[in-house]
């Protein structure tokens, strides 16, 4: 199971997955990701609904977080507003968004924060995870995704 949260980077991943000929199960709480992946009949889609945030094109809030908190994805990709290496933090602007991201990182076997290079110079106002919480941080340009740094879970 793959989880893609609310993130423009995850929209790029969805475009790549849409072209796949593999059978996949993808869970998302982002409306645009759902629209892209619905075009591939080999992808089983599960949508994490709840309270819509039209400005962010996704769902969050108590219902969404409750649903996400019961999942056990093999891999999750979450977006970030900022990555602060000195403060060891990954941040976003919205608290509910941060709560969802923190929950899916904790529940996933592997998780990656997706952040364009410019996000390493930005900072949100809500830290949702320490930088060493996800398995890694990736940054990409277009549809090319590269490792930016390799992080490990504590004890992992």
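For the condition assigned to a loop (DSSP other than H, G, I, E, B), in contact with a helix residue (DSSP H, G or I) (Cβ under 8 Å, 6 or more places away or on another chain), at pLDDT below 95 and on the phi < 0 side of the Ramachandran plot, what is the one hit in 49, 55?
49
Find the residue count for region 117-149, including only residues that are surrounded by fewer than 17 Cβ atoms within 10 Å (Cβ to Cβ), at pLDDT 85 or above and under 16 Å from the mean Cα position of the chain (by Cα).
Of the residues in that region, 1 qualify.
Please specify each residue of region 23-46 satisfying the condition of being under 12 Å from the mean Cα position of the chain (by Cα) and assigned to a helix (DSSP H, G or I).
33
Restricting to region 65-82, and then to whatever is crowded, with 23+ Cβ neighbours inside 10 Å and closer than 23 Å to residue 24 by Cβ, can you tell me which residue is farthest from the chain's Cα centre (by Cα)?
68
Can you say whether residue 113 is under 14 Å from residue 2 (Cα atoms), touching a residue at least 24 places away in the same chain (Cβ under 8 Å), in contact with a helix residue (DSSP H, G or I) (Cβ under 6 Å, 6 or more places away or on another chain) and not in a loop (DSSP other than H, G, I, E, B), as far as the supplied structure shows?
Here the answer is no, as residue 113 does not meet what is asked.
Which of the residues that make up region 17-51 are within 17 Å of residue 79 (Cβ to Cβ) and in contact with a strand residue (DSSP E or B) (Cβ under 9 Å, 6 or more places away or on another chain)?
Residues satisfying the conditions are 17, 26, 27, 28, 29, 30, 31, 32, 33, 34, 37, 48.
Return the only residue of 9, 20 being part of a loop (DSSP other than H, G, I, E, B) and more than 15 Å from residue 103 (Cβ to Cβ).
20
The values are calculated or read from the model by the stated rules, or taken from the named source; none is laboratory data. Model, not experiment: these values are computed from the prediction. Neighbour counts are summed over all protein chains in view; Cβ atoms, including those assigned to glycine, are modelled from backbone coordinates with ideal geometry.
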